[in-house]
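A.B. asks: For reference, the structure I am asking about is given below.
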């Protein structure tokens with residue numbers, strides 16, 4: 001449904017009239033109806049895990065960041081529904097680039113854009129509602145939707161009984177009668193305390209007149225001191241009359257008679273009111289039966305849809321249970337695979353690591369050096385041993401020669 005006046009968004013409110021400030025609310029309600037026709041809750045919101053929009057979501061500022069992201073998401077979805085490829089914007093994308101792309105798509109549909117792009121950064125306002133409304137109209141055109149006249153069901157005429165006007169209960173008249181009776185009853189009662197006060201005032205007036213006639217010789221200061229001294233003792237005590245309970249009994253009887261007379265008058269009104277209410281309830285019951293009969297097929301369709309929904313939920317639960325079990329098995333296999341990978345990496349690192357080989361080479365070099373030193377020490381020891389043996393042998397030879405020579409000399413003699 002095209003609206004020609006939506007292109008004039010940059011005018012001042014004073015020039016557009018006093019109702020221009022509320023135009024965005026009407027536009028937002030129309031937009032929400034069009035989004036519901038496009039099933040935005042099932043196709044757009046559930047995909048991004050968002051809440052449904054209220055009637056005045058884009059008309060009033062609440063959370064600028066959330067509203068702007070919702071605007072970008074719905075705009076991208078509506079452009080896609082209108083048959084144009086459009087990439088879904090992300091939360092951390094450049095707002096200026098996203099707004100520029102949306103406005104270029106809107107101009108490609110032939111819609112006028114005579115406001116600055118900065119108006120869309122707030123995520124709310126008349127311009128936001130205008131852009132989304134235009135995109136929703138293009139999406140409806142692409143889906144083949146067309147507005148039709150509403151079809152009203154034909155209702156059978158029902159005969160209504162004509163009730164008399166006298167059967168209505170006028171509460172104002174009843175309240176006036178009750179107020180008049182209470183005022184009459186109050187006038188009949190005599191307040192004893194008021195009567196005593198009046199007699200006391202009359203006595204004071206008489207004494208004042210007598211004092212005006214007589215000439216007083218009393219000092220005013222002494223009189224005031226005496227009054228202050230005696231004043232605490234001047235207490236007026238009113239004794240209760242023994243006949244007060246009889247007055248209360250008479251009042252009770254009068255009230256009872258008034259209640260009985262009022263009940264006789266109001267009982268007829270209440271009976272008529274009861275009859276009217278009964279007839280109205282009968283009409284409501286008959287109309288309810290008629291509506292139930294007219295909507296019986298819709299109720300049956302709703303019940304069948306509920307049954308299908310319950311079956312789908314059961315299947316979904318069964319499938320989700322299998323998926324959960326498979327996810328658990330997958331997690332176990334993944335953990336085992338991670339362990340194997342870790343062991344493989346450790347063994348590979350140990351095999352490719354040259355530190356042990358370097359240590360072995362250093363140990364072999366050290367062993368060779370120690371072996372050379374041991375060979376040198378063994379040679380020195382062998383040489384020392386050989387010298388000691390030679391020395392010992394020479395000593396033995398000398399000793400042997402020393403022992404042989406004397407024997408020869410002895411033999412000569």
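A.B. asks: Of the residues that sit in the range 31-58 and are without any contact (Cβ under 8 Å) to a residue 12 or more places away in the chain and either outside any loop (DSSP other than H, G, I, E, B) or not assigned by TED's automatic domain parsing to the domain that holds residue 79 (or both), which one is surrounded by the most Cβ atoms within 10 Å (Cβ to Cβ)? Explain how you work it out, then say what you get.
C.D. replies: Looking only at the range 31-58, we keep the residues that are without any contact (Cβ under 8 Å) to a residue 12 or more places away in the chain, and these are 33, 36, 39, 41-42, 45-47, 49, 51-52, 54.
Cutting the leftovers down to either outside any loop (DSSP other than H, G, I, E, B) or not assigned by TED's automatic domain parsing to the domain that holds residue 79 (or both) gives us 33, 36, 41-42, 45-47.
Working: 33: 11, 36: 12, 41: 14, 42: 9, 45: 19, 46: 10, 47: 11.
Across the range 31-58, the extreme among qualifying residues is 45.
A.B. asks: Still on this model: Would it be correct to say that residue 316 is farther than 30 Å from residue 153 by Cα and in a helix (DSSP H, G or I)?
C.D. replies: Working: farther than 30 Å from residue 153 by Cα: yes; in a helix (DSSP H, G or I): yes.
Considered against the rule, which asks whether it is farther than 30 Å from residue 153 by Cα and in a helix (DSSP H, G or I), residue 316 comes out as yes.
A.B. asks: Pick out the one residue from 362, 306 that is more than 39 Å from the chain's Cα centre (by Cα), surrounded by 10 or more Cβ atoms within 10 Å (Cβ to Cβ) and at pLDDT 90 or above. Step through it out loud before you land on a result.
C.D. replies: Working: 306 fails: more than 39 Å from the chain's Cα centre (by Cα).
Result: 362 is the single residue among 362, 306 that is more than 39 Å from the chain's Cα centre (by Cα), surrounded by 10 or more Cβ atoms within 10 Å (Cβ to Cβ) and at pLDDT 90 or above.
A.B. asks: Of the conditions (1) within 33 Å of the chain's Cα centre (by Cα); (2) in contact (Cβ under 8 Å) with a residue 40 or more places away in the chain; (3) exposed (fewer than 11 other Cβ atoms within 10 Å of the Cβ), residue 97 satisfies every one except a single condition; which number is it?
C.D. replies: Failing condition for residue 97: (2).
The values are calculated or read from the model by the stated rules, or taken from the named source; none is laboratory data. A quick note: this is a predicted structure, and the numbers were derived from the prediction, not measured. Backbone-built Cβ (ideal geometry, glycine too); neighbour counts: all protein chains shown.
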